[in-house]
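None of the figures in this text is laboratory data; all of them are computed from the coordinates on show. Computed from a predicted structure; not experimentally measured. Please note: Cβ atoms are built from the backbone with ideal geometry, for glycine as well, and neighbour counts cover all protein chains shown.
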Amino acid sequence: MTALTVEARDGAARTGTLSTAHGMVRTPAFMPVGTHATVKSLDPDEVRACGADILLCNAYHLALRPGVDLIERAGGLHSFMGWDGPILTDSGGFQLVSLRRVATVDEDGATFVSPYDGNRLRVTPEEAVSIQARLDSDIVMCLDQPVAWGSDSAAVAAASRRTHRWAERSAMVHPGDGRLLFGICQGGFEAEARVASARAIAALDFDGVAVGGLSVGEPLATMEAMTAASVAQLPPDRPRYFMGLGTDSELLAMVGLGIDMFDCVAPTRLARSGAAMTPDGRLSLRRAAYRDDLRPLVEGCRCPACARFSRAYLRHLFVAGEILAHRLLSLHNVTHVSALMAAARAAIRAGRLGTLRAEAEARLRNRPDGGDAVDDELAPPRAQRVGASRIPGTLGSRG
Ligand SMILES: [Zn+2]
């Protein structure tokens with residue numbers, strides 16, 4: 001039995017519902033990232049009110065801190081963090097790329113050195129599944145081995161083969177209990193390797209499959225070609241998850257290729273750098289142009305920031321280093337991406353996803369204030385320079 005019910009299709013795109021032990025997820029769905037069991041600066045009720053059905057947490061980070069034992073004693077992640085909806089946990093595979101200076105990989109698994117206390121964490125594919133089950137995750141991700149953009153094809157092939165061997169081991173220890181276990185296909189940036197990897201993972205009969213190793217710096221056309229090559233090999237009745245993707249254009253493009261689930265740190269990371277996501281592209285409150293601008297961030301947006309506050313006020317909060325700026329921008333950005341998914345779902349039902357995409361692209365091309373360029377007339381407050389990504393790279397988007 002499959003957890004996904006497809007209710008309507010538009011070309012390769014589809015919309016439906018995904019059933020989990022903690023409720024339903026409307027697809028296509030965007031999962032706000034709560035790496036450390038919190039969507040930064042938002043409480044769970046606020047995240048729900050933004051329109052999110054499901055969150056992503058990172059098992060690797062949570063295993064290091066506060067530790068699986070504590071979360072298990074607290075009754076699992078849902079009760080520990082006060083979120084009663086579905087949770088997908090990432091296994092830590094991505095950290096093999098993003099933290100490669102402190103991670104080593106061998107055939108049996110991966111060893112991480114904790115950035116918090118220097119202790120070593122050893123994770124095998126079997127342990128990755130077991131850790132996520134103990135966290136009470138609804139959707140457990142296999143441990144995989146992604147490769148960085150620019151890796152040579154021999155390295156890509158070796159990592160893909162290892163990912164397949166790890167996937168076989170993961171499938172042997174499916175946790176059951178109503179939990180879903182997702183495989184991850186890799187294959188780098190060559191269509192043939194993508195096809196081979198997707199076939200190998202599809203053959204293992206996972207509850208869903210993620211397309212991994214993309215959105216790491218490659219051009220959009222490459223991302224589309226690699227995703228299409230992967231998706232064509234995946235079982236049509238299983239959910240498909242594109243790991244780590246953030247802009248409206250990219251999200252809609254991947255919805256069009258038949259992807260059902262997304263995640264990205266961009267909404268909250270952008271918020272901390274003073275940027276709002278809008279249908280016209282990124283709006284940076286660093287720009288002097290917004291100092292006297294009494295309009296809301298986005299006319300018609302139903303988020304608390306747009307309902308009550310002006311661009312001028314939000315810019316003032318940001319310039320003054322006020323925490324409320326981060327919270328309000330996070331509420332807005334998470335609402336924006338959730339609303340984009342809702343619009344995509346409605347468009348698929350109406351058979352007009354192509355029109356939605358064309359309209360979105362036209363707005364981005366014709367944006368009134370000159371594009372995504374961030375002008376640097378305003379130096380960010382010192383506290384925000386540390387650890388804040390000025391322009392959210394796609395690398396790291398898996399949280
Ligand atoms: Zn808003």
Notebook entry, point to check: DSSP beta bridges in the chain, what fraction antiparallel, as a percent rounded to 5?
Noted result: 50 percent
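Please give the peptides 13-26, 125-138 ranked by average Cβ packing (other Cβ atoms within 10 Å per residue), highest first, as a rough proxy for protection. List each step's numbers first, then the result.
Details: 13-26: 20.1, 125-138: 23.1.
The most tightly packed comes first, giving 125-138, 13-26.
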Check: Packing-wise, with mean Cβ within 10 Å as the measure, how do 160-166, 232-238 rank, highest first?
Finding: 160-166, 232-238
Next item on the list: Enter the Cα centre distance for the pair region 216-279 and region 1-66, rounded to the nearest angstrom.
Entry: 14 Å
Next item on the list: Might you list the cysteines of the chain that have no disulfide-compatible partner by the rule of another cysteine's Cβ under 4.7 Å?
Entry: Cys50, Cys57, Cys142, Cys185, Cys264, Cys303
Next item on the list: For a quick protection proxy, order the peptides 32-42, 103-113, 267-277 by their average other-Cβ count within 10 Å, most packed first.
Entry: 267-277, 32-42, 103-113
Margin query: Could you compute the net charge surrounding Ile348? Neighbours are other residues with a C-beta less than 13 Å from the C-beta of Ile348; K and R count +1, D and E count -1.
Written below: +4
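Want the number for Arg199 to Val319: 0.36 nm per residue separation, take away the alpha-carbon distance, what's left? Mind showing how you got there, number by number?
Values: separation 120, 0.36 × 120 = 43.20 nm, distance 5.08 nm.
Between Arg199 and Val319, full extension yields 38.1 nm more.
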Margin query: Once you place label points 7 Å from the Cα toward the Cβ at Ala362 and Ala312, how far apart are they in nm?
Written below: 3.3 nm
Notebook entry, point to check: Taking K and R as +1 and D and E as -1, what net charge do the other residues with C-beta under 10 Å from the C-beta of Lys40 add up to?
Noted result: +3
Next item on the list: Please list, in chain and number order, the residues 5+ apart from Glu7 or on another chain whose amide H is under 5 Å from its amide H, with Hs placed from the backbone.
Entry: Thr15, Gly16, Thr17
Notebook entry, point to check: One-quarter of the Cα convex hull surface for region 19-58, in nm²?
Noted result: 2.9 nm²
Notebook entry, point to check: If R0 is 51 Å, what FRET efficiency do you get for Asp45 and Arg100 from their C-beta distance, rounded to 0.05?
Noted result: 0.85
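For a Förster distance of 51 Å, can you work out the FRET efficiency between the beta-carbons of Arg352 and Glu168, rounded to the nearest 0.05?
On the way: r = 41 Å, r/R0 = 0.81.
FRET efficiency, Arg352 to Glu168: 0.80.
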Item checked: From phi via Karplus (6.51, -1.76, 1.60), per-residue ³J(HN,Hα) for region 342-357 in Hz, x at Gly/Pro -> 4, 5, 5, 4, 5, 5, 5, 4, 8, x, 10, 4, x, 5, 4, 5
Item checked: In sequence order, calculated HN-Hα J values of region 12-24 (Karplus, 6.51, -1.76, 1.60; Hz; x Gly/Pro) -> 7, 6, 9, 10, x, 10, 10, 8, 10, 5, 10, x, 9
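So what's the chain giving for Cα Rg divided by 2.2 N^0.38 Å, two decimals?
On the way: Rg = 20.3 Å, N = 399, 2.2 N^0.38 = 21.4 Å.
So the chain has a normalised radius of gyration of 0.95.
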Note to self: How much of the pair distance distribution for region 52-195 lies past 24 Å, counting alpha-carbon pairs only, in percent?
What the structure shows: 32 percent
Next item on the list: Would you please give the residues with an amide H less than 5 Å from that of Ala29, counting only those at least 5 places away or on a separate chain, with H modeled from the backbone geometry?
Entry: Met261, Phe262
